[in-house]
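Notes for the one structure printed next.
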Ligand SMILES: Nc1ncnc2c1ncn2[C@@H]1O[C@H](COP(=O)(O)OP(=O)(O)OP(=O)(O)O)[C@@H](O)[C@H]1O
Ligand SMILES: [Mg+2]
């Protein structure tokens with residue numbers, strides 16, 4: 001499976017009154033064509049910021065935005081805003097934004113909103129775009145007649161399906177799904193996850209699936225990337241990650257997942273996530289880590305383990321002679 005997206009040394013820092021927030025701080029990650037990469041980590045670790053950096057939907061208060069985003073072999077970071085808008089954003093990479101369902105315009109009919117990316121981005125005429133919108137709505141399980149309704153006439157689950165239809169209508173290659181089911185009840189969550197799986201197969205899509213919910217991530221992931229304090233600390237194939245997470249932080253995240261087994265005590269991760277304005281020197285997780293060693297005052301490099309796993313932790317350096 002060749003890579004469709006290769007992110008190298010990506011930084012996105014924000015200016016704030018209290019200082020520079022290093023939301024994405026040197027992230028490198030590869031996504032294979034047709035793969036689902038699950039991006040997991042606690043609230044505030046920089047998942048949405050990484051997504052925004054990839055699709056370049058940035059706020060005004062940027063302090064730094066740099067690195068390489070190689071899409072299909074081309075570094076799109078070298079594109080100016082106009083070229084990126086005309087060739088990449090929504091066309092090759094699209095995104096379902098976190099809490100997007102609540103950002104639907106209440107006074108515009110659902111069909112018109114779903115059709116909008118085609119009229120605006122592809123200059124399609126309204127009639128043809130509307131036909132496509134109905135197709136996209138059907139694809140995500142919304143009956144045709146709902147195209148004529150307003151967002152408030154749809155359930156939360158249907159609104160979420162509608163924003164997914166909006167992300168798919170331009171037939172992108174990569175879809176970033178930022179917490180696409182987090183605001184929904186469990187049954188609705190499950191049916192949307194199944195729908196996403198089905199559509200991915202049918203359209204040959206690549207997903208970047210963002211969630212703070214480790215259990216949900218396991219339903220779609222082929223590969224898992226764990227973020228901590230603006231950095232990626234582990235990348236592993238899903239079939240290796242879930243039974244055996246390597247980074248101490250990944251292991252803690254997994255231990256917080258409730259199971260039906262009565263003999264397993266549910267854990268929480270002690271301490272708080274570090275400040276992204278002044279992150280700890282060395283390993284950023286060290287203060288919360290049971291395996292802390294002297295060397296952890298130095299920043300660990302990313303070690304290759306087991307051929308196809310990457311771990312930013314000194315434990316694996318020692319094993320490998322570092
Ligand atoms: N426009 C901005 N200006 C300043 N700081 C920001 C901005 N956007 C995000 N941040 C900060 O960047 C850090 C990472 O935020 P981000 O939203 O990327 O985290 P997240 O992992 O998506 O969290 P969650 O799971 O809660 O969605 C946080 O400290 C957040 O407050
Ligand atoms: Mg987020």
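The values are calculated or read from the model by the stated rules, or taken from the named source; none is laboratory data. This is a predicted model, so every value here is computed, not measured. Virtual Cβ from ideal backbone geometry, glycine too; neighbours counted across all protein chains shown.
Under the condition of being surrounded by fewer than 18 Cβ atoms within 10 Å (Cβ to Cβ) and near ligand 1 (Cβ under 7 Å from one of its atoms), which residue from the stretch 45-66 is nearest to the chain's Cα centre (by Cα)?
Here the residue is 59.
A quick yes/no check of all residues on (1) surrounded by fewer than 20 Cβ atoms within 10 Å (Cβ to Cβ); (2) outside any strand (DSSP E or B):
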position	(1), (2)
187	yes, yes
196	no, yes
226	no, no
233	no, no
246	no, yes
253	no, yes
272	yes, yes
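Evaluate the stretch 24-36: report whether one residue or more is closer than 30 Å to residue 154 by Cβ, assigned by TED's automatic domain parsing to the domain that holds residue 285 and more than 18 Å from the chain's Cα centre (by Cα).
The answer is no, given that none of the residues of the stretch 24-36 is closer than 30 Å to residue 154 by Cβ, assigned by TED's automatic domain parsing to the domain that holds residue 285 and more than 18 Å from the chain's Cα centre (by Cα).
Is there any pair linking a residue in the stretch 33-48 that is closer than 12 Å to residue 223 by Cβ and modelled with pLDDT of 95 or more to one that is within 13 Å of ligand 1 (Cβ to nearest atom) and assigned to a helix (DSSP H, G or I), with Cβ under 6 Å and at least six apart or on different chains, and which?
38/217; 39/47; 40/214; 40/217
Within the stretch 172-198, how many residues turn out to be in contact with a strand residue (DSSP E or B) (Cβ under 9 Å, 6 or more places away or on another chain) and more than 16 Å from ligand 1 (Cβ to nearest atom)?
6
Do we have residue 161 as without any contact (Cβ under 8 Å) to a residue 60 or more places away in the chain, under 21 Å from residue 129 (Cα atoms) and assigned to a helix (DSSP H, G or I) here?
Working: without any contact (Cβ under 8 Å) to a residue 60 or more places away in the chain: yes; under 21 Å from residue 129 (Cα atoms): yes; assigned to a helix (DSSP H, G or I): yes.
Yes.
Of the residues 180, 172, only one is under 21 Å from the mean Cα position of the chain (by Cα), outside any helix (DSSP H, G or I), within 29 Å of residue 218 (Cα to Cα) and within 16 Å of ligand 2 (Cβ to nearest atom); which?
180
Return the residues of the stretch 169-180 that are crowded, with 23+ Cβ neighbours inside 10 Å and in contact with a helix residue (DSSP H, G or I) (Cβ under 6 Å, 6 or more places away or on another chain); say none if nothing qualifies.
Residues satisfying the conditions are 169, 175, 176.
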